[in-house]
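A.B. asks: First the structure, then my questions, so here it is.
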Amino acid sequence: MRLPFFRSRSPRREYLVRRDIDAADHPAPPPPLQPRELVDVIGVGRTETVGGVGVTLLSLERYREGHVALFRMFRHRKRSERDLPMPHFELAVSPESSTPYRFWMMGGTGGGGVEGEMEYRQAYAIAPAPPIDGSEVVIEVREISWERLGHGTRKVVSVDSGPWRFSIRLATA
């Protein structure tokens, strides 16, 4: 005899897999190349403050495959924030490239500081590399989304709108 409380409470579901969509017609874009071959490092150390949020571009590592921008971000912690959200930068780069730029966070650290201050450091990859023959690159943080991560989900709890603009003069060889 089976007791009813050992039975599954959710109804049985069967899922059909659609095979009529050909992956060859819509291939996934190839992942961008990871920055590996270092060209040079430009120390920037410039801070822009918008709406009480300070963002510093510490350095720009130039690689043949792409660039890595290292940021330091400082913001006062709001009284309503019990847990610390993680910042996510919306970036843009000029001059434009023939291939659209892709951005991803390579690593970061930070959080609460002294008396309601928050400080983060984050490195973002930019691929492909902006043209090396130009005399200037402009990296812009358009907005910062503050996200809480948990149980495989991301929830945006607030947004700081920029832009924070950093113009980097490139050394001509």
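A.B. asks: With the checklist (1) at pLDDT 90 or above; (2) closer than 16 Å to ARG64 by Cα; (3) surrounded by fewer than 15 Cβ atoms within 10 Å (Cβ to Cβ) in hand, flag the one item SER97 doesn't pass.
C.D. replies: (1)
A.B. asks: Can you say whether ARG148 is surrounded by fewer than 15 Cβ atoms within 10 Å (Cβ to Cβ), among the charged types (D, E, K, R), modelled with pLDDT under 85 and part of a strand (DSSP E or B), as far as the supplied structure shows?
C.D. replies: For ARG148, the condition - surrounded by fewer than 15 Cβ atoms within 10 Å (Cβ to Cβ), among the charged types (D, E, K, R), modelled with pLDDT under 85 and part of a strand (DSSP E or B) - is met.
A.B. asks: Quick check, is VAL44 outside any loop (DSSP other than H, G, I, E, B), without any contact (Cβ under 8 Å) to a residue 60 or more places away in the chain and closer than 19 Å to PHE89 by Cα?
C.D. replies: Against the criterion (outside any loop (DSSP other than H, G, I, E, B), without any contact (Cβ under 8 Å) to a residue 60 or more places away in the chain and closer than 19 Å to PHE89 by Cα), VAL44 does not qualify.
A.B. asks: In addition: Counting just the residues of the range 82-92 that are surrounded by fewer than 17 Cβ atoms within 10 Å (Cβ to Cβ) and either among the aromatic types (Phe, Trp, Tyr) or in a loop (DSSP other than H, G, I, E, B) (or both), which one comes out modelled with the lowest pLDDT?
C.D. replies: Ranking the qualifying residues of the range 82-92, first place goes to ARG82.
A.B. asks: Counting just the residues of the range 100-131 that are assigned to a loop (DSSP other than H, G, I, E, B) and surrounded by 12 or more Cβ atoms within 10 Å (Cβ to Cβ), which one comes out modelled with the lowest pLDDT?
C.D. replies: Taking the candidates together, the pick is GLY113.
The values are calculated or read from the model by the stated rules, or taken from the named source; none is laboratory data. Source: prediction; values computed, not measured. Positions of Cβ are generated from backbone atoms using ideal geometry, with glycine treated the same way; all protein chains shown enter the neighbour counts.
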